[in-house]
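K.L.:
Mind having a look at this structure? Questions to follow.
The values are calculated or read from the model by the stated rules, or taken from the named source; none is laboratory data. It should be emphasised that the depicted structure is a prediction, and the values quoted were computed from it without experimental measurement. Note: ideal-geometry Cβ built from the backbone for every residue, glycine included; neighbour counts use all protein chains shown. Areas reflect the complete protein model, heavy atoms only, side chains present, ligands, DNA and RNA absent. Shrake-Rupley method; radii C 1.70, N 1.55, O 1.52, S 1.80 Å.
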Amino acid sequence: MTQPVLRVSDQEREQTVAVLNQAAADGRLTWDEHFERVQAVYSAQLRGDLASLLDDLGLTDLPAPVAPQRIHAFASKVHSAPVSRRIEAEAKFGAVVLDLTGLPSGERFDLEASSFCGKVTVLISAAAVVLNGGTAKLGKRSLPGAPTALGGPIITVTGNSTMGHIRVVRPDSHWARHALH
């Protein structure tokens, strides 16, 4: 039976780049080979294209997708810090406070923040870069401007706020101090 031809996801691209990064760090690839393969990863359309970039490294499959860390508050308040690169935070009639201030520099994280008659407050470092990909319907989304320091993580914030609020704040914000209480 032949394998189906499947299109590649952004997550699979990032996982492949992580494998290539490790291969270069281990000395299995030169930095020039690493650069060429990373370029090929970002232009790949099919899973087979990615697999061919890893074949000579002794890896037969792409790494398994990373399960997201799920944080839910229903009519309550939950404080949490991340343990995964993918986080799903949901507040229904409650509040979720996420402390992302300790994320490592230069690395990417995905946060799907959703609120329904509740709020999600996300604390980030002064150097964090925030990419917005979410929506609000009868709700509100507040994200900070450009970082005030260099070298922070990159956090993509998606999700939806319906009759609620999603707020991403830096440490010097009034909301950051308020969220911790």
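K.L.:
Using a cut-off of 9 Å between beta-carbons, work out the net charge of the residues near E112 (Lys and Arg +1, Asp and Glu -1, E112 not included).
P.N.:
Local charge sum for E112: -2.
K.L.:
Based on the Cβ-Cβ distance from K140 to Q45, what FRET efficiency comes out when R0 is 22 Å, to the nearest 0.05?
P.N.:
Calculated transfer efficiency: 0.05.
K.L.:
Put +1 on the Cβ of every Lys and Arg and -1 on every Asp and Glu Cβ in the stretch 1-140; which of F116, V97, S80 then has its Cα farthest towards the positive end of the dipole?
P.N.:
So the residue furthest toward the plus end is F116.
K.L.:
Another one. Please list 3J(HN,Hα) in residue order for the stretch 97-113, calculated via the Karplus relation 6.51 cos²θ - 1.76 cosθ + 1.60 where θ = phi - 60°; whole Hz, with x for glycine and proline.
P.N.:
Result, rounded to whole Hz: 10, 10, 9, 9, 5, x, 5, x, 5, x, 9, 9, 9, 10, 10, 9, 10.
K.L.:
Stretched out fully, how many nm does the piece from D56 to S80 gain, at 0.36 nm a residue minus the Cα gap?
P.N.:
4.6 nm
K.L.:
Let me ask another. Once the stretch 9-98 is represented by equal point scatterers at the alpha-carbon sites, with solvent omitted, what log10 I(q)/I(0) does the Debye formula produce at q = 0.16, 0.26 Å⁻¹?
P.N.:
Log10 I(q)/I(0), no solvent term: -0.69, -1.25.
K.L.:
Which value results when the Cα radius of gyration for the stretch 1-153 is divided by 2.2 N^0.38 Å?
P.N.:
1.26
K.L.:
What is the magnitude of the charge dipole of the chain about its Cα centre, with +1 placed on the Cβ of each Lys and Arg, -1 on the Cβ of each Asp and Glu, and no other charges, expressed in debye to the nearest 20?
P.N.:
1200
K.L.:
Considering only protein heavy atoms, what per residue accessible area in square angstrom results for the chain with a 1.4 angstrom probe?
P.N.:
Counting only protein heavy atoms, the per-residue value for the chain is 56 Å².
K.L.:
Quick check on the chain: helices-only [θ] at 222 nm, where DSSP H runs of length 4 and up contribute -39,500 (n - 2.57) each and the sum goes over total residues. Nearest 500, please.
P.N.:
Result for the chain: -7500 deg cm²/dmol, rounded to the nearest 500.
K.L.:
Considering the zone a paramagnetic label at A67 would reach in this model (a point 7 Å from Cα along the Cα-to-Cβ line), which residues of the stretch 107-135 have amide N under 20 Å from it?
P.N.:
Label zone hits: 110-113.
K.L.:
Something else about it: Between W31 and I154, what's the calculated FRET efficiency when r is the beta-carbon distance and R0 is 22 Å? Round to 0.05.
P.N.:
Efficiency, from the Cβ-Cβ distance: 0.50.
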